[in-house]
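One structure is given below, encoded as structure tokens.
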Amino acid sequence: MISIQHYLLVSAAIFVLGLLTVATRRNALGILLGTELVLNAAALNMVIFGRYSNHMAEGSIYALFVIVLAAAEAAVALAVGLMIYRNFKTIDTVEVDDLKG
Amino acid sequence: MNTQFFIDYAWIIPLAPLVGFLINGIGTFLKLPYVRSKTVVHTIACGALLLSFIFAVGVFLHLSSLEPEARSITRYLYTWLQVGSLKADAAFLLDPLSSVMMLIITGVGFLIHVYSIGYMADDPSYSRFFTYLNLFCFAMLLLVMGDNLLMLFIGWEGVGLCSYLLIGFWFKEKANAQAGMKAFVVNRIGDFAFLLGMFLLFWTMYDYGHASVTFKEIGQHVGLIKDVEVGGWPVLVLVGILLFIGATGKSAQVPLYVWLPDAMAGPTPVSGLIHAATMVTAGIYMIGRLNFVYTLAPEALVVVATVGAVTALFAATIGFAQNDIKKVLAYSTVSQLGYMFLGMGTGAYAAGIFHLMTHAFFKACLFLGSGSVILGMHHEQDMRKMGGLKKYMPVTYWTFLLATIAIAGIFPFSGFFSKDEILWKAFEAGGHISSWYYVLWGLGIAGAMGTAFYMFRAVSMTFYGELGARAHEVPAEEASHGHDDDHGHHGHGDHTPHESPKTMTFALSVLALLSVVGGFLGIPYALGHFFHVPNFFEHWLEPVLNHGGGHHGGHHSVPPIEYGLMIFSVAIALTASYLGYLFYTKRQDLPKKFVAKFPKLHALALNKYYVDEIYQALVVNNLLRLNNFLSAFDAKVVDGAVNAVGSVVRVYSRVMGFWDATFVDGLVNGVAQLVRQLGRALRKTQTGRIQNYLYVAMLGVVILMIWRML
Amino acid sequence: MMQVLNNQESLWYFLPELALVATFVLIFILDLLPSIKNQKRALPIVAAIGVVFFLGLSVYVQQFPQALLFHGMIVGDSFTDFFRLFAGVSTLFALYFSVKSKELAKVKAEYWALILGIALGLPILAASNNLLMIYLSLELVSILSYVVVGSIYGSRASSEAALKYVLYGATASGIMIYGLSLLFGVSGTLDAIQIKAFLLSHPMERLPLFIGLLMTMAGFGYKVSMVPFHMWAPDVYQGAPTPVTSYLSVGPKAAGFAILLRFVYTALTTHNGADFEPIKSVDISGLMSVFAVATMTLGNVVAMWQKDTKRMLAYSSIAHAGYMLMAVAALNQQAIEGILFYLSAYLVMNFGAFGVAQAVMQESGTQDLESFKGLAKRGSKGSLAALAMTVFLISLTGLPPTIGFVGKFVLFSAVLEAKLYVLAVIGVLNSVVSLYYYARIIKYMYFDDPLSEDKFSFGSRSYPVLITFLALATLALGLFWEPLSVVVKNSAHLLS
Amino acid sequence: MPDLTLLIFLAFSGLILGACLVLAFSKNLVYSAFSLLGTFTGVAAFFALLGADFLAIAQLLVYIGGIMVLYLFAVLMTSGIADVKVTNRSIGLKFALPVAVILFGLLAKLIFSTEWFVVKELPEATPTTASIGNTLLTQYLLPFELASVLLLGVLVGAVSLGRREVKGD
């Protein structure tokens, strides 16, 4: 039988790999892909807990909002990414480091 | 005359200078036409002080008409702040102590305002100067009139602010601006301790159900926390010492005195008002006001007395070898403040406050006299270029001489009464409290001898002999002209010294008169009982300072030793005075021989015991060396790997270096340097790369998780 | 148990926000009219009028009894009312400085609308009682901020700031909702009040609570720029348009503190007379102390090295967050009052400092701190600017007689009342350190020679008036702060 | 029967983890972007397994139909369609990887040591669409409306950032 822990473990793996991605990728879009993983892990967690605590509606709605907001965030982030590409001719974040110190 | 009126309107005392400040300040700031007229400016400024003085006198008269026990009136204005259990009113406490301080501030302040009319006559920033002066008086009055610690602190910070403004008055000169910054930073250290002490007192009282910052309530309930300890220390001793550290900053005691001599960069009236007569006495006033705390903390009192006595002697010996007339007076001020602290630390609060008052008279007179000399000499401060001024500036000479006799402690001038009272109380405490006080008394006597010597040295060099007879002693590289007080005026045609204008000599004369007779307010019982003259001053302050422990009042029998000590100290003062006169007039060969024989000793005093250099060598240089080491380390690590982990390691090592140095050296410049190094290291973590930022966030979460899970 | 209102009943409480939404939409509609589109000032004025309506209605709704609104989604209490006013006032300042900004001369209608959108998010974030509302309103503020940060066309700095902000924000909010999901997982509810009820009736081990809280702090901490979630702030503050920077450092930061306070106090502590006790053994106080010390120390020591005006102010802003976090660690009623008071003080002095900085930077054309040199000697406007800046800097340092001193005083009182002596000492030491970099600007302005001989000009007649007003407010509130402290005292009661 | 569910679970877990690993470590950005498809599908399957039918569909539609396509466009626009090396290199992996491993360990410890809020008897999964709709329009009306304001803002904001893109050329 699949227990809650199994689900949570998969979700934790997604979360950690997402964080690893954002902390190491050079390409701005690569980092964004990582954030999608982090958000998906959280949404999955909500559904898992909603299911096992018999608060399905709440968990689902939360996950739904996560999906919606992730989409919104991605739209803005990609627009910003295109802007960066215009101004820097690259989306390699290692080269986008005028501001530092 | 119904003096109740003055009590009802006591708020006019601080308000008048504030209004003067606002009128002149706004005019100056907006460049309104009326500030172009010097008459308008100084009429407003002096008028404000005069009004305050009249009301201060009124308050004094009213208080003296009351029964001694009733002489404490709180004038409530409005609730200034209230947070939780902390409540502080804007309220004025009118009692014998604050009324004495008010009289000194407004009285001496008024004279110095009048003096400045002449002194600053040709300065382009005339109105700005009077603006600051008024602001200062306002802040100082807040400090002494506030009925709670918070108002005292506000005034404390306010007078500091004015002091920096006035030191840096001619801020076009870098040295002045730097002197202002030095004073600012040194005082911050003191203020930090002061705040801590204040909070500690408040919260300890809070724990015992009497949270209050007003002096009256602290005084009533402080007994409750007499035996409370924090980390093995009686809390009141900690409070006393912390507050005293604040006082060493503001009142220029060892080791935080270094700013005061530099502060002489400001205009001379400012030196007279702020750095001699009033602001620097804030620390004395604070101890007097909180005497009930100190009385319960005898260990703190010993610290106060010791620091005071050491400062008194230490600064006096530096005074021996100074050639700048204002520097002599500056070190003399440091030394005299030391006496006051010695008095406070002995538990003889009234004597300390008494010396505060007489000192305000004669030191203001001396400073203003030196200003008059400087002006007469066309902005020359080096005494070696002076001499023989007696005949050119008679009024200045006589007033200066009288004040010098007063400060030297020669009977029956004011300085004798106050200083002798302090020394006697210290001696007496040697028998009553601990024989340690005998040592302090010895330091004090030695300092008194030094004071008489260097003051007469100054008089001789300035006023006797021939003008410029000593100028050849000035090394060529030092022969700069009027480096401090130069505000570019005076047609430089006539170089003969001349007497100063009437406004200045008037102020000098009044102050000289006070220096001569001021002492009779506090005639010691030992002398007074022959003529049935009581010690007015001590009686006046008794309602405030009656917690003085076992050895106040009494006085029914006078031990013969007291007369002996009196004669002894007068004899010492006379001898030293004569030596000071002799060495610098008839037998000028003697000091030269002395210098030739003990060049090192002389150089030591001339260079102020190399304290500045020691600070530099011990602290700054060592830390610079450490910094070099760190920088080298830095370069290697940076070359190795520019990445987040490298930065973390660097930060860690810096932090460790920082802690080491703090505990090993722990002084101003050094800590500042290390904080800067820490900042530079931490700054490198901000690499400009977003994934590093996210990595730090992840790392932070993981570290905190580990911290809690293990 | 307090009243829980349904959707229709709650609408009355929601009038101020509805006014903002209406203005938000109205701006897009007006933008379609050619006559308005060509009027450069028309849309910001409409936006400002909308905010004024919002403020008026906020005062109006204060008369309603406190209640849980929209089935417990948000809380209508005096704490919310306070942050409505706070958001409104700070938005008005942001609008004014945006109008006067040369960087933003070319912005279109959407900029003004998005500022209003952010303003809408602030009070809702402060009022959120439900984990979903927390996430949603936080994202509302964040996502719209990403856009306005990048609103200078063709500017490398602006676009770099936007990129860093969006990547950091997305990750931080991701970590936060993961943490919130853990809290949901142990309590089975999304409602903060019910989480506390559950935790009280079901004692449980600290670990999941602690980790949930820690991860949640990533989201809150990134909003208030708390170490180690602060790293976006210097870069974004430097690159963003100056009015946006000043807005971010006041409005969203305050809302971040609001939700931090509300969440910690509602869900994780119990009321015990005047004190708050953390539930079970979740050491909130210890955790927040660590954050506070790291935040203020880092902000202050790194600020000393900055040569860029906005970057320096960014680190200063981090340091100030640290001071307030210290009070969060105190966990008492005074701490809430202290933070609300300090936020108000910070609003006045920070907008003042940013206002002068913006004028100086526009006049000199650079963000270099050295453009402040000799400001006091450059004509009457120059000395006004220098004097006002000095007041703001003294206030930011926390010296009397300014509101900054009173604010610090109140904060430290709260910390000491909680007996966190070490924390207070570190805080005071930090204040001393901050003196160095603030005093440096004062030195530049008064003691150094000007780089330019021209008389200084604000470039607008109303600008110096506003700056003077802020400077006077900084001083006046430092001396007569009773009214503000009464407001704060009344607002510091969280409904739970 | 339980074995079948377990099998499905394991299969999709494998899919998710594999996709995530590709996403995190592949040197080619296009591969990473496509691997997101695997993760999203896997998570959608998990939603289905957990009985969240509506959410599973939404995940497929929004993520795979919307976000995925958006990403691919962005990848191609910023890298140039003709550009063959769409690199997606990593930096600091040797520092981040240990931290990530530790984090996963800590989370695993947390997951297994915590007593989660779980009902004794898991009810049968019922269709959730209706209840979600109901709840959204009653209890969760405010977030629902607020999200619409947010989306309007995002729409305008993203367009405004992008519009300049066109105008600049």
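What follows is calculated from the coordinates using simple rules that are stated; it is not laboratory data. Note that the structure is predicted; figures quoted are calculated from it, not measured. FYI the Cβ positions are ideal-geometry reconstructions off the backbone, even for glycines, and counts take in every protein chain you see.
Quick notes on this one:
- For residues of C:412-418, the mean tally of beta carbons on other chains within 10 Å: 4
- Spacing of the two label points (7 Å from each Cα toward its C-beta) at C:Val425 and B:Ile567, in nm: 5.4 nm
- Protection proxy ranking of C:193-199, B:422-428, C:59-65 - average other beta-carbon atoms within 10 Å, highest first: B:422-428, C:193-199, C:59-65
- Within the range D:4-26, backbone nitrogen closer than 17 Å to the virtual label 7 Å beyond the Cα of D:Leu93 toward Cβ: D:18-26
- Qualifying GluC sites (Glu not before Pro) in the range C:112-213, DSSP loop, other Cβ atoms within 10 Å at most 16: C:Glu205
- For the protein assembly as shown, calculated [θ]222 nm from helices alone, where every DSSP H run of n ≥ 4 adds -39500 (n - 2.57): -24000 deg cm²/dmol
- Dipole magnitude (debye, nearest 20) for the range C:242-368, charges at Cβ of Lys, Arg, Asp, Glu: 200 debye
- Taking every alpha-carbon pair under 8 Å whose residues sit at least 6 apart, the range D:1-111 reaches a relative contact order of 26 percent.
- Contact order relative to length of the range C:283-496, as percent, for alpha carbon pairs under 8 angstrom and 6 or more apart: 28 percent
- Built amide H within the under 5 Å cut-off of B:Ser125, gap 5+: none
- Since only B:Ala408, B:Leu423, B:Leu375 are under comparison, the one whose Cα sits farthest along the positive direction of the charge dipole of the range B:374-436, derived from C-beta charges on Lys, Arg, Asp and Glu, is B:Leu375.
- Remark: spin-label model distance C:Lys37-B:Lys502 equals 8.0 nm, labels positioned 7 Å along the Cα→Cβ axis.
- Cβ-Cβ FRET estimate between B:Asp122 and B:Thr43, R0 fixed at 30 Å, reported to 0.05: 0.95
- Taken residue by residue and averaged, Cβ atoms of other chains lying within 10 Å of the Cβ of C:207-213 number 5.
- The mean number of partner chain beta-carbon atoms within 10 angstrom of a residue's beta-carbon across peptide C:300-312 is 4.
- The HN-Hα couplings worked out from phi for the range C:387-402 by the Karplus form 6.51 cos²θ - 1.76 cosθ + 1.60 (θ = phi - 60°) are 5, 4, 4, 4, 4, 5, 5, 4, 5, 5, 5, x, 9, x, x, 10 Hz, whole numbers, x standing for Gly and Pro.
- Charge sum, other residues only, whose C-beta stays under 15 Å from C:Pro65's C-beta, Lys/Arg counted +1 and Asp/Glu -1: -3
- For the range C:324-341 and the range B:249-265, distance of Cα centres in Å: 38 Å
- Averaging the sequence gap over all C-alpha pairs within less than 8 Å and six or more residues apart, then dividing by the number of residues, gives chain C a relative contact order of 14 percent.
- Applied to the range A:12-17, the Karplus parametrisation 6.51 cos²θ - 1.76 cosθ + 1.60 on θ = phi - 60° returns per-residue 3J(HN,Hα) values of 4, 5, 4, 4, 5, 5 Hz, with x for Gly and Pro.
- Positive-end residue of B:Ile572, A:Ala75, D:Asn134, charge dipole of the protein assembly as shown with Cβ unit charges: A:Ala75
- Cα-centre dipole for the protein assembly as shown with unit charges at Cβ (Lys and Arg positive, Asp and Glu negative), debye to 20: 2860 debye
- Computed from backbone phi with θ = phi - 60° and the Karplus coefficients 6.51, -1.76 and 1.60, the 3J(HN,Hα) list for the range B:309-325 is 5, 4, 4, 4, 6, 4, 5, 5, 5, 5, x, 3, 10, 7, 10, 7, 4 Hz; x is used for glycine and proline.
- Once the C-beta distance of B:Glu69 and B:Thr575 is scaled by a Förster radius of 41 Å, the resulting FRET efficiency is 0.35 to the nearest 0.05.
- Under 5 Å between amide hydrogens, built in the peptide plane, is the criterion, and for A:Asn27 it picks out A:Thr93, D:Arg89 among residues at least 5 positions away or on other chains.
- Net charge dipole, chain C: roughly 1000 debye, given to the nearest 20, about the Cα centre with Cβ charges of +1 for Lys and Arg and -1 for Asp and Glu.
- Length gained when the stretch D:Leu15-D:Ala125 is fully extended (0.36 nm per residue, less Cα-Cα span): 37.2 nm
- Cβ-Cβ distance of B:Phe520 and B:Arg676, R₀ of 51 Å, FRET efficiency by 1/(1 + (r/R0)^6): the value works out to about 0.35.
- Under the Debye formula (equal points on every Cα, no solvent term), log10 I(q)/I(0) of the protein assembly as shown at q = 0.05, 0.07 Å⁻¹: -0.45, -0.81
- Interchain or long-range residues, amide H under 5 Å from B:Ile73's placed H: B:Leu94, B:Asp95
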